[in-house]
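Structure record follows, encoded as structure tokens.
None of the figures in this text is laboratory data; all of them are computed from the coordinates on show. Values in this document were obtained by computation on a predicted structure and should not be read as measured data. Note that each Cβ is placed from the backbone with ideal geometry, even for glycine, and that neighbours are counted across all protein chains shown.
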Amino acid sequence: MSREFEQLLKQARACRICEANLPLGPRPVLQMAPAARIMIIGQAPGLKVHQTGIPWNDPSGDTLRRWLELSREQFYDPEILAIMPMGFCYPGKGKSGDLPPRPECAPAWHQPLLNLLPNIELTLLIGQYAQRYYLSNQYGNRYKTLTETVRNWREFAPTVLPLPHPSPRNRYWLTKNPWFEAEELPALRERVHQVLKV
């Protein structure tokens, strides 16, 4: 691991740029190493993740690991999988779930970190915030909703795959959109296995 990478990751984990807006204070949660081949960009840590400091350490993470067909050991190996949310810290509770990710993180940290991750072959954009930030910049505002974006996943494959959030709150969405489990999930698993050669 290069000194430059170690230093940048240390700085990101010590970030305090939006401290005044965080109800529980800053605790950036991210995982990566230069050898990582898959990048997961989600929303922001939930309360349990904030408390444990372990990314996706909640029921959403259990579902995501099932979608990817990865064990906890594989998922938490930074040499395999990088995890960088849109907001690095828990943003607090809103009226219907957690607040949106803080807007300061991605512009400040994403590109500098990505520049030091040369081996990423697959990026998973989980949820509307990651999709809007990355796909709008690269492809323009082609699709207005998360459902439209995810339904048209083939346009972004094989290097990028947009996914719905694996939260238990999304059970209704998954029931209403059976094509996701029938079509995109098998393609996702195949691509993950291909990239990781497992």
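For n ≥ 4 DSSP H runs only, could you compute -39500 (n - 2.57) per run for the chain, divide by its residues and tell me the 222 nm figure to the nearest 500?
Taking each H run of at least 4 residues, the total per residue is -9500 deg cm²/dmol.
For THR123, what residues show an amide H to amide H distance below 5 Å, using hydrogens built from the backbone and excluding near sequence neighbours?
Those lying under 5 Å, H to H, from THR123 are MET39, VAL160, LEU161.
HN-Hα J couplings of the stretch 31-42 from phi, Karplus 6.51/-1.76/1.60, θ = phi - 60°, integer Hz, Gly and Pro as x?
9, 5, 8, x, 7, 3, 10, 10, 10, 10, 10, x
In debye, nearest 20, what is the charge dipole magnitude of the chain about its Cα centre with +1 on Lys and Arg Cβ and -1 on Asp and Glu Cβ, if you could check?
Computed about the Cα centre, the dipole is about 480 debye.
Can you divide the C-alpha Rg of the stretch 96-141 by 2.2 N^0.38 Å and report the result to two decimal places? Could the numbers behind the result be given before it?
On the way: Rg = 12.2 Å, N = 46, 2.2 N^0.38 = 9.4 Å.
This ratio for the stretch 96-141 stands at 1.29.
By average Cβ neighbour count within 10 Å, what is the ranking of 34-42, 128-136, 21-29 from highest down?
34-42, 128-136, 21-29
For the stretch 83-196, give the magnitude of the charge dipole about the Cα centre (Cβ charges: +1 Lys/Arg, -1 Asp/Glu; no others), in debye to the nearest 20.
So the dipole magnitude of the stretch 83-196 works out to roughly 420 debye.
In what sequence, highest mean first, do 54-67, 110-123 appear when ranked by Cβ atoms within 10 angstrom?
54-67, 110-123
Specify which residue in the list VAL29, PHE5, ILE17 is farthest towards the positive end of the charge dipole of the stretch 1-62, using unit charges on the beta carbon of Lys, Arg (+1) and Asp, Glu (-1), about the Cα centre.
So the residue furthest toward the plus end is PHE5.
Could you bin all the Cα-Cα distances of the stretch 96-198 into 10 Å bins starting at 0 and give me the percent of pairs in each, rounded to whole numbers?
Answer for the stretch 96-198: a P(r) of 13, 42, 37, 9 percent.
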